Amino acid sequence: MRKILRRIINRVKITFLGDPKMKAITYKEFYLPTFRENQGLSDNEVYLQSAVEQINHLSEYFDFYESSSILDFGCGQGRLVNGLKLMRTQFGSYFGVDTHYKSIKWCNKWITKYGTKIKFIHLPAFNARYNRGVETLQQLPFEKNSFDLVFLNSVFSHMLTDDVLFYIEEFQAVLKANGILYVTAFVEEKVPDCEENPKNYLGESVGKLHRVRFEKQFFLNLFEENGFKVEIFAPQHISRTKQSVIIARKI
Ligand SMILES: C[S@@+](CC[C@H](N)C(=O)[O-])C[C@H]1O[C@@H](n2cnc3c(N)ncnc32)[C@H](O)[C@@H]1O
C-alpha cells in the first residue's frame, strides 16, 4: 500500500516538476548525469577522468582515426563520450546502445547535443538487473563488419555466461576484420567458472547480478573459442571497481 502511495506521489511530482532523473549537470562544457549508477563516480572530475583513463589504456592498442566507428554496448549515460570529448579524440561515428530506456532517453536529450556523429539506440533486452520488462535478448541492429571498436565497460559484470556468449557472437559479426573488443569484467583465478554475487567478494552485493565473477581461463576461452584473439588481460586494472580489462581482436 505504502509502495503504491509513494509511486502515485512520485508520478504527480514528475508531472508537475519534471523527472529529476532526466536533468543534467552542466560541468565545464560537459553534460553529466545527476543520478549515477557507477560506483564511486559522484565527483564530476573523477567521473570524467574514469573515462579518460580507459581511453588512454585502450589507445595503447587501438588507434582512433577520423573514420573510426565505435559501438559502446551498455553505454549507460554516455560516460565514454564525455571522455572522448574531453580528450578531443577523433572518431567517425559513435553508437551507444542500452537496454535501460531512461538512460538512452537521457543520452538522446543531452549527449547528442555534442554533434551528429553521436547516436543512441534503445535495445530492450532482458537483464535481471536492468530490464526485467522483456523476456529475450536482442540481436544488434547493425550490418556485419561495421565497427572498428566495440567497448563494454561494466556490462559483462552484470550478465551470466549464456548472455555473454550471445553477445560475443554478435560482436564478432558486427566488428570489422581486426576490429577490437574492449571489455571490463570481474575475473579471478581459482574460482568457479561463473558465479552471481559471490559471498565475501568485494563487499556486499545489492540485488540481482550486482557482481558476476568469472574464472580467468573459462572467461578468456569464451572469446578465444568464438573468433577472437585475446591480446591483453589486465587483472583488476580498473582500481575503483577491481574489474579486469580484456582487449581482444577479431580474427
Ligand atoms: C554498470 S552500467 C555501465 C554503464 C556504462 N557502460 C558506463 O561505463 O558508465 C551497465 C549497463 O549495461 C546495460 N546493459 C545490461 N545488459 C544489457 C543488454 N543485454 N543490452 C544492452 N545494455 C545492457 C545496463 O542497462 C547498464 O546501463
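Couple of notes before you dig in:
- Against the numbered list (1) farther than 17 Å from L152 by Cα; (2) open to solvent by less than 20 Å² (accessible area, probe 1.4 Å); (3) within 10 Å of the ligand (Cβ to nearest atom), Y101 comes up short only at (2).
- Of the numbered criteria (1) of a type outside the set (K, R); (2) within 11 Å of the ligand (Cβ to nearest atom); (3) open to solvent by 20 Å² or more (accessible area, probe 1.4 Å), the one E135 fails is (2).
- Among (1) assigned to a loop (DSSP other than H, G, I, E, B); (2) of a type in the set (A, V, I, L, M); (3) open to solvent by 40 Å² or more (accessible area, probe 1.4 Å) - the single one I121 does not satisfy: (1)
- For region 159-204, filtering for residues that are in contact (Cβ under 8 Å) with a residue 40 or more places away in the chain and within 15 Å of the ligand (Cβ to nearest atom) leaves 17.
- Of all residues in region 148-176 being out of contact with any Leu (no Cβ under 8 Å at 6 or more places or on another chain) and assigned to a loop (DSSP other than H, G, I, E, B), the one that is surrounded by the fewest Cβ atoms within 10 Å (Cβ to Cβ): S154
- Unique residue being surrounded by fewer than 14 Cβ atoms within 10 Å (Cβ to Cβ) and out of contact with any His (no Cβ under 9 Å at 6 or more places or on another chain) when the list is G179, G207: G207
- Wholly enclosed helices (runs of 4 or more DSSP H) of region 1-90 bearing at least 2 residues modelled with pLDDT under 95, of a type outside the set (D, E, K, R) and open to solvent by 30 Å² or more (accessible area, probe 1.4 Å): 2-17
- Only one of the numbered conditions (1) in a loop (DSSP other than H, G, I, E, B); (2) open to solvent by 40 Å² or more (accessible area, probe 1.4 Å); (3) farther than 25 Å from I55 by Cα is violated by N145, and that is (3).
- Restricting region 140-158 to residues that are away from the ligand (no atom under 11 Å from the Cβ) and of a type in the set (S, T, N, Q) leaves a set whose member that is farthest from S103 (Cα to Cα) is N145.
The values are calculated or read from the model by the stated rules, or taken from the named source; none is laboratory data. This structure is a prediction, so every number in the text was calculated from the model and none was measured. Heads up, the Cβs are rebuilt from the backbone with ideal geometry, glycines too, and the neighbour counts pull from every protein chain shown. Just so you know, the surface numbers come from the protein's heavy atoms only, side chains and all, with ligands and any DNA or RNA stripped out. Shrake-Rupley method; radii C 1.70, N 1.55, O 1.52, S 1.80 Å.
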